[in-house]
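FYI, it's all coordinate maths here, none of it is from the lab. Every value quoted in this text rests on a predicted model; they were computed, and no experiment measured them. Every residue, glycine among them, receives a Cβ derived from its backbone with ideal geometry; neighbour counts consider all protein chains shown.
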Amino acid sequence: MVRQRWTIWAVVVAAIVATASASAAGGSKALTVTSSLDHKTVLPLRTHWFAYPNQLVSKIFEVDYLIDGKVRWVEHFAPYNYGSDDFHGHLGYLITTWLAPGRHTFMARAKAKDGQTATDTVVARVIPAPAPPVALAGKWTRTVTAADLTKAGKEPPPAGKWTLVFDRVGAWHLDPLGSGLVNEYDTAGARINVYAPIQMAPFGTAGGGVSRFGHHGIGGTDCNYDGPFGSYSWSVSDDQLTLTVTKDPCGNRRAIWEGVWTRTR
């Protein structure tokens, strides 16, 4: 009987050694993921949302970001940060102005190349976005000219009739081609501070983005995923809005914004 127990124990030890050897030889560990939103109960209007898979970057296929069960961003490159996905260090933001105030579910879902999937879920409250000043709120148009585009970068926006809308979500730049993008902003007296692009849905060469104001595929960036931040002075007289740059390193945005806009009804 003693001999039988010894035989069984030897088999168990041998199995443990074999498993450890296989792992050391390259077997992958179980995939898990955590995120920078863990333990947060209230989110600011703008924050980074990082996901941290426990496997090497070379083993990760992608990280999806879901809000209330719907995929709102996809990252293929580390660092895995909502609203980024480039190699140049421009870390975008989760900007929550487009979400209704209240509790929402935020999930980071990591997918490994070997087929493993892991998720990290946080339920947090979103605070209300401020309304724009009454004089600024609403829809404005102006024609962006070739002269305006001399302020732009190497990949300038198109010339033609642009629409600029200020609402609780952000400042919507709607281009002559039927698309556009939207930036977070706030106001301080006669100054508008403009921040990074608001990413509400995956956007890429294959399309995507969101639809609003009769425009489609709204998303992407005017300069970089993280902005850069800028500021303008603003004044309204009758139905005309004058925007004058104070500081804006994003030439494409300056080419569009700076000038006189006419209110549309």
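Below, the figures for the structure above:
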quantity: Exposed chymotrypsin sites (Phe, Trp or Tyr not before Pro) absent - longest run of the chain, DSSP non-H/G/I/E/B, at most 16 other C-beta within 10 Å; calculated: 88-212
quantity: With eigenvalues of the C-alpha gyration tensor scaled by 5 and rooted, segment 52-196, Å; calculated: 34, 21, 12
quantity: 222 nm mean residue ellipticity, helices alone, for the chain (DSSP H n ≥ 4; -39,500 (n - 2.57); rounded to 500); calculated: -3500 deg cm²/dmol
quantity: Cα-centred dipole magnitude for the chain, charges only on beta-carbon of K, R (+1) and D, E (-1), debye, nearest 20; calculated: 600
quantity: Shape category assigned to segment 127-261 from the gyration tensor of Cα positions, a/c cut at 1.5; calculated: rounded
quantity: Point-to-point label distance, ASP239-ILE127, nm (Cα→Cβ direction, 7 Å offset); calculated: 3.8
quantity: For VAL63, VAL260, order by how many other beta-carbon atoms lie within 10 Å, fewest first; calculated: VAL260, VAL63
quantity: Förster radius 35 Å - calculated FRET efficiency between HIS216 and ASP114 (Cβ-Cβ, nearest 0.05); calculated: 0.40
quantity: Gyration tensor over alpha-carbon atoms, segment 33-126, equivalent ellipsoid semi-axes in Å; calculated: 22, 15, 10
quantity: Compactness relative to 2.2 N^0.38 Å, alpha carbon Rg of segment 111-176; calculated: 1.85
quantity: Segment 33-126 - charge dipole about Cα centre, Lys and Arg +1 at Cβ, Asp and Glu -1, debye rounded to 20; calculated: 260
quantity: Positive-end residue, the chain charge dipole about Cα centroid, Cβ charges, pick of SER35, PRO132, GLY207; calculated: SER35
quantity: Full-extension gain in nm, THR105 to PHE87, via 0.36 nm per residue minus C-alpha separation; calculated: 3.6 nm
quantity: Added length on full extension, which subtracts the Cα-Cα distance from 0.36 nm per residue, LYS59 to THR150; calculated: 28.3 nm
quantity: Fraction of alpha-carbon pairs over 31 Å apart in the chain - percent; calculated: 38
